[in-house]
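Let me give you the structure first, and then I'll get to my questions.
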Amino acid sequence: MIKKTALNAARMKSKNYRRILDEIWVAPASRSELARRIGLTRAAVSVIVDSLLQRNILVEGDVINTKTRGRSSTELHWNKDAFYSVGISLQRNKITVGLTDFCGNLLAVSEINLYTYAAEDKEALLIRVEDIIENFIKHLKPSGEFLGIGISSPGPFDLQTGTILNPPNFEFLHNTPIVEILKERFNCKVIIENDANACALVELRYGTKAKYDSFLLLDINEGVGSGLILNGKLNKGVMGHGNELGHVTIDMNGPKCQCGNYGCAELYSSIPNIVAQAKALDESLINWKTIVEFAYSGVPTALEILKREAEYIATMAVTAINILDIQAVVLTGQVAYNPELLISMIEEEINNRIFTRLSRTVKVLRSQISRNSQALLGSNLMIENYLEDLSNAVTFESES
Ligand SMILES: [Zn+2]
């Protein structure tokens, strides 16, 4: 019984560490302000803050309210120089490698155009990636501790070894044990994550911040990727292969998909598929940008296609909302080109169809993350991993 109480106390302490860090991330605050926001005593907040200052994770900023009960009060911030990490984003046409500080600020970035590499040059390409990383670390001498290398990539992977298996349209890097290769070269922690999941985590930290802590991110390009954040955490599914909203059936009698299922949402809503439907209807609708622009000008065929895409997206979203009770849907990828009209159509469709429609509405938004943040998709994985490890360490310290 005593042991259980101690464990609960340790978990609570670890939870409060995260709450304090998250609160300061959303807006820098003093100890008293944190106590007020979180509902802890100032003394309890001070103990945690002192420990975070000692670990160099937080720094004290400007002095504020010097007259508050005779005590000076300083604003606390995340210490951007505490750590740095490398992010690699593997995309179908290019690889982005970047270096970021602990607050996700990009310190350096480099891009490799994949079209300049022939299929047999895989080894040369990986050496180029390694050289970029080495150059960053050697020449820029970033402050703080190195957290490691985070990779965002189209899946699937072998989760045990971090080997990229066989993502469609990604033959060049099929069966590449990239995690092992980089671990061996740099002797550091290396993490790989599905690109839509990595994107959802970046959206949570840098985009929607504290506004939504449960949302579905849909990344619609050549395929449909999706990431799910539930109560502030990335949903990984039981075996780490969850979140494939693009592969839920929206037509039971539809064609067979590469994934094995029939009539998957991706077969209708991915950009090439919706553009093919548009061309069949009106041959002037040659790409997604044209469809969107013509729809704004009131061209009926373009409006019809936009409405159709909104219905496909809403069908995926309603499935997720009815099961998981999430607050928002975030759109990213090519589909998010000038998306206000599409978003209003999706919102109307969703809010007419969800189970809880009489008591609430679900918001659809465009991703707040800039398209230049590719490297952050990877390096943010290391920041999230560090914060997770810190919470576990706090629980462990308290137990022993
Ligand atoms: Zn499928």
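Look at region 79-100 and say how many of its residues are of a type outside the set (A, V, I, L, M) and either within 17 Å of LYS189 (Cβ to Cβ) or open to solvent by less than 10 Å² (accessible area, probe 1.4 Å) (or both).
8
Still on this structure, please answer the following. For residues that are under 26 Å from the mean Cα position of the chain (by Cα) and open to solvent by 10 Å² or more (accessible area, probe 1.4 Å), scanning just region 272-287, find the one that is nearest to the ligand (Cβ to nearest atom).
ASN273
Only residues that are among the small types (Gly, Ala, Ser) and either at pLDDT 95 or above or in contact with a Cys (Cβ under 6 Å, 6 or more places away or on another chain) (or both): list them for region 65-103, please.
Our first condition is that a residue be among the small types (Gly, Ala, Ser); within region 65-103, this holds for 70, 72-73, 82, 85, 87, 89, 98.
Scanning region 65-103 gives ALA82, SER85, GLY87, SER89, GLY98.
Right, something else. For the condition small (Gly, Ala, Ser), assigned by TED's automatic domain parsing to the domain that holds LEU125 and surrounded by fewer than 22 Cβ atoms within 10 Å (Cβ to Cβ), what is the one hit in GLY162, GLY254?
Result: GLY162 is the single residue among GLY162, GLY254 that is small (Gly, Ala, Ser), assigned by TED's automatic domain parsing to the domain that holds LEU125 and surrounded by fewer than 22 Cβ atoms within 10 Å (Cβ to Cβ).
If you take the residues of region 357-375 that are touching a Ser or Thr at 6+ places or on another chain (Cβ under 6 Å) and part of a helix (DSSP H, G or I), which of them is most open to solvent (accessible area, probe 1.4 Å)?
Looking at residues that are touching a Ser or Thr at 6+ places or on another chain (Cβ under 6 Å) and part of a helix (DSSP H, G or I), I get GLN374.
A further question follows. Select from region 124-143 the residues that are open to solvent by 60 Å² or more (accessible area, probe 1.4 Å) and part of a helix (DSSP H, G or I) and list them in ascending order.
Correct list: ILE127, ARG128, ASP131, GLU134, ASN135, LYS138, HIS139, LEU140.
Now for a different question. Which one of SER110, SER85 is assigned to a strand (DSSP E or B), over 17 Å from ASN380 (Cβ atoms) and touching a residue at least 12 places away in the same chain (Cβ under 8 Å)?
Details: SER85 fails: over 17 Å from ASN380 (Cβ atoms).
The conditions single out SER110.
Please indicate, with yes or no, whether at least one residue in region 313-330 is more than 24 Å from LEU217 (Cβ to Cβ) and either in contact with a Ser or Thr (Cβ under 7 Å, 6 or more places away or on another chain) or crowded, with 16+ Cβ neighbours inside 10 Å (or both).
Checking region 313-330: not a single residue is more than 24 Å from LEU217 (Cβ to Cβ) and either in contact with a Ser or Thr (Cβ under 7 Å, 6 or more places away or on another chain) or crowded, with 16+ Cβ neighbours inside 10 Å (or both).
OK, next. GLU75: open to solvent by 60 Å² or more (accessible area, probe 1.4 Å) and not assigned by TED's automatic domain parsing to the domain that holds LEU218, yes or no?
Values: open to solvent by 60 Å² or more (accessible area, probe 1.4 Å): no; not assigned by TED's automatic domain parsing to the domain that holds LEU218: yes.
In short, no.
How about region 245-271: which of its residues are without any contact (Cβ under 8 Å) to a residue 60 or more places away in the chain, within 11 Å of the ligand (Cβ to nearest atom) and in a loop (DSSP other than H, G, I, E, B)?
Within region 245-271, GLY254, PRO255, CYS257, CYS259, GLY260, ASN261, GLY263, ALA265, SER270 qualify.
Ok, one more. Out of LEU217, LEU204, LEU228, report the one residue that is more than 12 Å from the ligand (Cβ to nearest atom), within 21 Å of ASP22 (Cβ to Cβ), modelled with pLDDT under 95 and not in a loop (DSSP other than H, G, I, E, B).
On the way: LEU217 fails: modelled with pLDDT under 95; LEU228 fails: modelled with pLDDT under 95.
LEU204 is the lone residue from the list that is more than 12 Å from the ligand (Cβ to nearest atom), within 21 Å of ASP22 (Cβ to Cβ), modelled with pLDDT under 95 and not in a loop (DSSP other than H, G, I, E, B).
The values are calculated or read from the model by the stated rules, or taken from the named source; none is laboratory data. For clarity, every value in this text was computed on a predicted model and none was experimentally measured. For neighbour counting, all protein chains shown are included, and Cβ atoms are generated from backbone atoms with ideal geometry for every residue, glycine included. Please note that ligands, DNA and RNA were not included when accessible areas were found on the heavy atoms of the full protein model with its side chains. Shrake-Rupley method; radii C 1.70, N 1.55, O 1.52, S 1.80 Å.
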